[in-house]
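S.K.: Take this structure first; my questions come after.
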Amino acid sequence: MSRKYKITVACAALILLFSAFFFFYQKQQEKQTEPVSVTGFKLNTMIKITVYDKINTELLEHAMALCDTYESLFSRTLSTSEIYKLNHGTLPEKNGFFEVSPETAELVRKGLYYAELSEGAFDLSLAPVSSLWDFTSEEKVIPEPDALKNALPLVDYKNITVEGNAIHFEKEGMGLDLGAIAKGYIADKIKEFLVSKGVKSGIINLGGNVLCIGSQPDGTPFKIGIQKPFSDRGETSITINVSDKSVVSSGIYERYFKKDGILYHHILNPKTGMPYANDLVSVTILSDQSVDGDALSTSCFALGAEKGMALVESLENTEAVFITENGEFLYSSGFPVSDK
Ligand code: AMP
Ligand code: MG
């Protein structure tokens, strides 16, 4: 074999080797960008957690288990939860203060902040009233006027004190309902966990409460659909492009029942104990932290279009779209225009 021939064969072998290496490398990359998801029914809703870049089902299962951990703290209805025990006076007590976990104390502080910001339209002390309603059963229960009359004086966030990890209620019979804020908080905690494990691309969806981790693996933003009111889950009205943001909606179509032609939904006026009656069907908040988006979507719905939009405009890094009963879309001034 001539020297020239040997060199040619060696070069061809090298090229082949490189091509094979490149082919397998590309295949591996493709595999890495295939998303993995876990789904389940938790927190009384459908949960889906997806990661695009770190294929590790154990990680996702741990993320899912965090839902149970937090549900065992924040649930108003689970008889073993911390909030249930707090509401029923069965937590350890010292001088009228009930000892709670640091997480519950942190979330209650957040709730108090938004109660103040919304001037009580959002009120986390709603439990005595919200426990009279049931939007999930077939029975369509409208609370008796007397029951509401007795419960209403117990609802006022100003009668809650938090000191360290201890909570005091000014009146006996008071209780907390963290339903308007807990999912956002839990989504933030799941994101914190996944990011700490190296995830750079993912979506946490807690029953429509959506939190993105980074953007899509190719660097383009995620496309998040905003639920079309009164349509099947998944049917969207508009789609927005978001990276690393939270998208949370509150609406009358989420939990409601109709009785004698009247629609009763789950966002309640703490002053009357009845569902808020304004011309809104939903409010969607775009924010960095999901706990803020969750609190604000409920708060802005409660405040109505005018005051709610004014509140959004006063906040940094916060945008909103309100959908009215007659199908109008009201956008905040910095809402990503190209996505409308
Ligand atoms: P969301 O879907 O985040 O708007 O939360 C609605 C849930 O928050 C309800 O199911 C109640 O548990 C609770 N809630 C209802 N009305 C209010 C209110 N005015 N302030 C605070 N929480 C509320
Ligand atoms: Mg909310």
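The values are calculated or read from the model by the stated rules, or taken from the named source; none is laboratory data. Remember, it's a predicted structure, so these values are computed and weren't measured experimentally. Quick reminder, even Gly has a Cβ in these numbers, built from the backbone with ideal geometry, and neighbours come from all protein chains shown.
S.K.: Quick check on my filter: what residues within the range 225-265 are modelled with pLDDT of 95 or more and not in a strand (DSSP E or B)?
M.R.: S243, D244, K245
S.K.: For K191, state whether it is away from ligand 1 (no atom under 11 Å from the Cβ), within 30 Å of N56 (Cβ to Cβ), part of a helix (DSSP H, G or I) and modelled with pLDDT of 95 or more.
M.R.: Numbers: away from ligand 1 (no atom under 11 Å from the Cβ): yes; within 30 Å of N56 (Cβ to Cβ): yes; part of a helix (DSSP H, G or I): yes; modelled with pLDDT of 95 or more: yes.
Spelling it out, K191 is indeed away from ligand 1 (no atom under 11 Å from the Cβ), within 30 Å of N56 (Cβ to Cβ), part of a helix (DSSP H, G or I) and modelled with pLDDT of 95 or more.
S.K.: OK, next. Got at least one residue in the range 212-232 being in contact with a Leu (Cβ under 9 Å, 6 or more places away or on another chain) and within 14 Å of ligand 2 (Cβ to nearest atom)?
M.R.: Checked the range 212-232: no residue is in contact with a Leu (Cβ under 9 Å, 6 or more places away or on another chain) and within 14 Å of ligand 2 (Cβ to nearest atom).
S.K.: Pairs only if they're at least six apart or on different chains, beta carbon under 6 angstrom, first in the range 99-126 and in contact (Cβ under 8 Å) with a residue 60 or more places away in the chain, second of a type in the set (F, W, Y) and part of a loop (DSSP other than H, G, I, E, B); list them, first residue then second.
M.R.: Here the result reads Y114/F122, each pair linking the range 99-126 to a residue that is of a type in the set (F, W, Y) and part of a loop (DSSP other than H, G, I, E, B).
S.K.: In addition: Looking at this structure, is L206 within 16 Å of ligand 2 (Cβ to nearest atom) and touching a Lys or Arg at 6+ places or on another chain (Cβ under 9 Å)?
M.R.: Numbers: within 16 Å of ligand 2 (Cβ to nearest atom): yes; touching a Lys or Arg at 6+ places or on another chain (Cβ under 9 Å): yes.
In short, yes.
S.K.: In this structure, does V162 turn out to be in a helix (DSSP H, G or I), away from ligand 2 (no atom under 16 Å from the Cβ) and surrounded by fewer than 21 Cβ atoms within 10 Å (Cβ to Cβ)?
M.R.: Numbers: in a helix (DSSP H, G or I): no; away from ligand 2 (no atom under 16 Å from the Cβ): yes; surrounded by fewer than 21 Cβ atoms within 10 Å (Cβ to Cβ): yes.
So V162 fails the test.
S.K.: Which of the residues spanning the range 280-311 are more than 14 Å from ligand 2 (Cβ to nearest atom), of a type in the set (G, A, S) and touching a residue at least 24 places away in the same chain (Cβ under 8 Å)?
M.R.: If the condition is that a residue be more than 14 Å from ligand 2 (Cβ to nearest atom), of a type in the set (G, A, S) and touching a residue at least 24 places away in the same chain (Cβ under 8 Å), then G304, A305 are the ones that fit.
S.K.: To continue, here is another question. Would you mind stating whether G327 is surrounded by fewer than 24 Cβ atoms within 10 Å (Cβ to Cβ), modelled with pLDDT of 95 or more and away from ligand 2 (no atom under 15 Å from the Cβ)? Steps first, please.
M.R.: Details: surrounded by fewer than 24 Cβ atoms within 10 Å (Cβ to Cβ): yes; modelled with pLDDT of 95 or more: no; away from ligand 2 (no atom under 15 Å from the Cβ): yes.
When the stated conditions are applied, G327 does not pass them.
Yes/no per residue for (1) within 16 Å of ligand 1 (Cβ to nearest atom); (2) surrounded by fewer than 14 Cβ atoms within 10 Å (Cβ to Cβ); (3) more than 14 Å from L206 (Cα to Cα):
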{"residue": "T39", "(1), (2), (3)": "no, yes, no"}
{"residue": "N44", "(1), (2), (3)": "yes, no, no"}
{"residue": "T50", "(1), (2), (3)": "no, no, no"}
{"residue": "I55", "(1), (2), (3)": "no, no, yes"}
{"residue": "L59", "(1), (2), (3)": "no, no, yes"}
{"residue": "A63", "(1), (2), (3)": "no, no, no"}
{"residue": "S72", "(1), (2), (3)": "no, no, yes"}
{"residue": "L78", "(1), (2), (3)": "yes, no, yes"}
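S.K.: Look at the range 295-340 and say how many of its residues are in a helix (DSSP H, G or I) and among the hydrophobic types (A, V, I, L, M, F, W, C). Lay out the reasoning, then the answer.
M.R.: As a first pass, look at the range 295-340 and keep what is in a helix (DSSP H, G or I): 295-314, 337-339.
Going one step further and asking which of them are among the hydrophobic types (A, V, I, L, M, F, W, C), we end up with 295-296, 300-303, 305, 309-312, 337.
Residues that pass the stated criteria total 12.
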